[in-house]
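Chemist: Below is a structure I'd like to ask you about.
Taken together, the values in this text are just the output of simple stated rules run on the coordinates, not laboratory data. Note that this is a predicted model, so its numbers are computed, not measured. Positions of Cβ are generated from backbone atoms using ideal geometry, with glycine treated the same way; all protein chains shown enter the neighbour counts.
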Ligand code: DX5
Ligand code: ZN
């Protein structure tokens, strides 16, 4: 179902919220090494998910699972230290937030020496990333749905966007997030994409 030459990052948001432990066991049983944690503030995206206490509980109970935290927050700088204290090992923020929030967040990543990613929404011009790629982030998280909910349909324009970004930045680590299933992921392998977030296709399909 999920080929192994790919790094799958299951998004716990798509698991049964009353059975997160079961979801985490599923990740472990599948032999995967990390979990994607979608944090939403009800402002940057029209949904609220969970906060640092959930990240902390996962850290304590599943210390071997790498915690990849995706912050869909308008002001991530207010929470970055808290998420790091709670066990986040990589943090992604969005390029669409206000410039001062972005800059303050980058300073915090440097201060705490934590690998960080920059996420870009489907409608945001790729050029928005340009000023931030001279000093490259650990990864770029290309959104292939409008963020806020798991279980949405993959947006096909993502193919062209990935192709364009890849041409400009051949060495950038690119990860895709939203509506991904194994079949769609296979189509991105020729573009050198090996990292995929999987929500519904991992947790809700047999
Ligand atoms: C979207 C989140 C994604 C999403 C993944 O807001 O960032 O991580 O929940 O779930 P699927 O794969 O179901 O789109
Ligand atoms: Zn995500």
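Chemist: Do the sum for the chain: with -39,500 (n - 2.57) for every DSSP H run of n ≥ 4, divided by all residues, what is the mean residue ellipticity at 222 nm, to the nearest 500 deg cm²/dmol?
Modeler: Values: 7 runs with 62 residues, N = 206.
Computed mean residue ellipticity for the chain: -8500 deg cm²/dmol.
Chemist: In addition: Can you tell me, using C-alpha contacts under 8 Å and at least 6 residues apart, the relative contact order of the range 68-206 as a whole percent?
Modeler: Working: 209 pairs, mean separation 24.5, N = 139.
Contact order relative to length: 18 percent.
Chemist: Which whole-percent values make up P(r) of the range 7-203 when all C-alpha to C-alpha distances are grouped in 10 Å steps starting at zero?
Modeler: 9, 39, 39, 13, 0
Chemist: Test of understanding: in a Gaussian network model of the chain with alpha carbons linked when under 10 Å, which of 156, 190, 81 would top the mean-square fluctuation ranking?
Modeler: So, out of 156, 190, 81, the one fluctuating most is 190.
Chemist: Return a whole-number percent for the relative contact order of the range 1-75, with Cα pairs under 8 Å and 6 or more residues apart as the contact set. Please report the intermediate quantities before stating the final value.
Modeler: Working: 91 pairs, mean separation 23.5, N = 75.
Taking the mean separation of contacting Cα pairs over the length of the range 1-75, I get 31 percent.
Chemist: Of the residues 16, 195, 41, which exhibits the maximal mean-square fluctuation in a Gaussian network model of the chain defined by a 10 Å Cα contact cut-off?
Modeler: The residue that fluctuates most here is 16.
Chemist: Could you give the length gained by full extension between residue 110 and residue 78, i.e. 0.36 nm per residue of separation minus their alpha carbon distance, to one decimal place? Intermediate values should be presented prior to the final figure.
Modeler: Values: separation 32, 0.36 × 32 = 11.52 nm, distance 1.53 nm.
Answer, rounded to one decimal: 10.0 nm.
Chemist: Determine the principal axes of the Cα atoms in the range 110-206, then give the extent along each, sorted from largest to smallest and rounded to whole angstroms.
Modeler: 41, 31, 22
Chemist: Another question about this same structure. Given a 10 angstrom Cα cut-off, can you work out which residue in 93, 114, 27 is the most mobile in a GNM of the chain?
Modeler: Looking only at 93, 114, 27, the largest GNM fluctuation is found for 114.
Chemist: Starting from the 7 Å offset along Cα-to-Cβ, what nm value, one decimal, do you get for the label separation of residue 163 and residue 60?
Modeler: Result: 5.0 nm between the two label points.
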